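Asker: Structure incoming, see below.
Read-outs throughout are calculated quantities, based only on the coordinates presented, and are distinct from any laboratory measurement. Everything quoted here is computed from the prediction, not taken from an experiment. Glycine also receives a Cβ, built like all others from the backbone with ideal geometry; neighbour counts cover every protein chain displayed.
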There are 2 protein chains.
Amino acid sequence: MESYKIPKRSVERLSIYKRILKVIMDAGFTTVSSSELAERAGLNPAQVRKDLVYFGQFGTPGMGYQVSTLHRAITRIMGLHKKIPVALAGAGNLGQALLSYQGFKDRGFIIESIFDNDPEKVGKMKNGIKIRNEKNSSSEIKDKKIKVGIISTPSSAAQSIANKLIEGGIKGILNFAPIELKVPSGIIVVNVALCEKLEMLSYYLSKRKIL
Amino acid sequence: MESYKIPKRSVERLSIYKRILKVIMDAGFTTVSSSELAERAGLNPAQVRKDLVYFGQFGTPGMGYQVSTLHRAITRIMGLHKKIPVALAGAGNLGQALLSYQGFKDRGFIIESIFDNDPEKVGKMKNGIKIRNEKNSSSEIKDKKIKVGIISTPSSAAQSIANKLIEGGIKGILNFAPIELKVPSGIIVVNVALCEKLEMLSYYLSKRKIL
């Protein structure tokens, strides 16, 4: 099976399995069945088995999965077994929230550069890092060999900074700005659609006549 | 067709169609084909038509969709045609980012109450709203008849504040804390999984040997 055929939803669920396996491991269990994984993830067992088969031969029929082996395998598959330097573009409230977001650090994502276009912010220190002018972002990223960028600027600034990040060698962007970035092929953009999530909540509440 | 059978992904895509329709409308066009909608959304036309049929009879074969009619219909279907008061729990960096997030205001989500458990924050003003002690959240939400809550606290505080919000009458929660909230049936939780998005990016970059 070619890896590019793996459904995006299965990749997303790897994160969920990893999180659940950690909880089970910390509770002292060494094996887990697909039924238990499924129950904790709110899925059916067949879906869990199907998802995991995309990524390797895990588990034994009737025996279940070795918790720590599967956790370690998923961590490696996701590339989360090493530190990943990250460049942050946009040092506003959202950028600052991301800077102190423990979940990023826990997963090895280390913000090593911060860029902004606001002269009031440029030169100031945040979490031990000096905020640099976004004009210098390409060369700094190139020097530091950073491959992952986070965009937390307003929509109006997002495309321009994305271009600069990519020029500097960034290959993957986590984008918080509510616009579709235009990027060359080979560059991966994952959008965090805050508004869409809130709209979804609004839809479900409206349907139930709560709003 | 019963509305509860509408796939979650189709609901999520409504937001995308709405955003694209706004762009087309602002550009002065009055009709749009499913092919054009599909191209702009990165989908195939059959998927677009299938998604929209879940929500009503829109469009005419060979003629396409009336842009403003469809935009208005989607806005109403999602309950986004009126102001929605929201309670925010957690006035840290992320909470403050959300307070000033224009995308929420644009969609009619108005944060009317802010709660925190930090004595340093309680009593201070943020965006014209006094931060209240989370102990008082249930009664304040009840008084203000707020039905939507946003949780931007650390994981350790999320379940406890969720319980208080629900006690006060909150029916829908947008949850940024990276835990699965336990809620009574009938309460809708939409999780914003920041870490999972970053893990997904890590996976795709690892697969291409970039990380």
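Asker: If you plug each phi of the range B:60-75 into the Karplus form 6.51 cos²θ - 1.76 cosθ + 1.60 with θ = phi - 60°, what whole-Hz ³J(HN,Hα) values come out, in order, with x for Gly and Pro?
Answerer: Karplus-based 3J(HN,Hα) across the range B:60-75 equals 10, x, x, 10, x, 10, 6, 4, 6, 5, 5, 4, 5, 5, 5, 4 Hz.
Asker: So, one more: Taking 20 Å as the cut-off for C-alpha to C-alpha distance, list the pairs among A:Lys8/A:Lys83; B:Lys83/B:Lys142; A:Lys126/B:Lys124; A:Lys147/A:Lys182; A:Lys8/A:Lys50; B:Lys164/B:Lys197 that go past it.
Answerer: A:Lys8/A:Lys83; A:Lys126/B:Lys124; B:Lys164/B:Lys197
Asker: Related question: Please arrange B:Tyr204, A:Tyr203 by counting, for each residue, the other beta carbons lying within 10 Å of its beta carbon, fewest first.
Answerer: B:Tyr204, A:Tyr203
Asker: While we're here: Hey, what did the range B:84-196 get for relative contact order, percent, Cα under 8 Å, at least 6 apart?
Answerer: Relative contact order of the range B:84-196: 24 percent.
Asker: If you don't mind, another one. Find the centroid of the Cα atoms in the range A:160-211 and in the range B:28-83, then give the distance between the two in whole Å.
Answerer: If we compute the Cα centre of each part, the gap is 20 Å.
Asker: Still on this structure, I have one more. Restricting to bridges with both residues inside the range A:84-196, how much of the DSSP beta-bridge set is antiparallel, in percent to the nearest 5?
Answerer: Roughly 10 percent of the DSSP beta bridges within the range A:84-196 come out antiparallel.
Asker: While we're looking at this one, here's another question. Determine which residues of the range A:16-41 fall in the zone a paramagnetic label at A:Thr69 would reach in this model, i.e. backbone nitrogen under 15 Å from the point 7 Å along Cα→Cβ.
Answerer: Flagged as within label range: A:30-34.
Asker: Based on the Cβ-Cβ distance of B:Lys83 and B:Lys130, what FRET efficiency does E = 1/(1 + (r/R0)^6) give at R0 = 25 Å, to the nearest 0.05?
Answerer: According to the calculation, E is roughly 0.80.
Asker: Rounded to the nearest 500, what is the 222 nm mean residue ellipticity of chain A from helices alone, with -39500 (n - 2.57) per DSSP H run of 4+ residues and division by all residues?
Answerer: -13500 deg cm²/dmol
Asker: Then there is this: When only DSSP loop residues count, what GluC sites (Glu not before Pro) in the range B:1-50 have their Cβ near at most 15 other Cβ atoms within 10 Å?
Answerer: B:Glu2
Asker: Exactly which trypsin sites (Lys or Arg not before Pro) in the range B:130-194 are in a DSSP loop and have at most 15 other Cβ atoms within 10 Å?
Answerer: The qualifying sites are B:Lys145, B:Lys182.
Asker: 7 Å along Cα→Cβ for the label point: how many nanometres lie between A:Gln57 and each equivalent label in the other copies, listed shortest first?
Answerer: 5.7
Asker: Here is a follow-up. With a 10 Å Cβ neighbour count serving as the proxy for reagent exposure, in which order, fewest first, do B:Thr60, B:Thr75 appear?
Answerer: B:Thr60, B:Thr75
Asker: Over chain B, what is the mean sequence separation of C-alpha contacts under 8 Å (at least six apart), divided by residue count, expressed as relative contact order in percent?
Answerer: The value is 13 percent.
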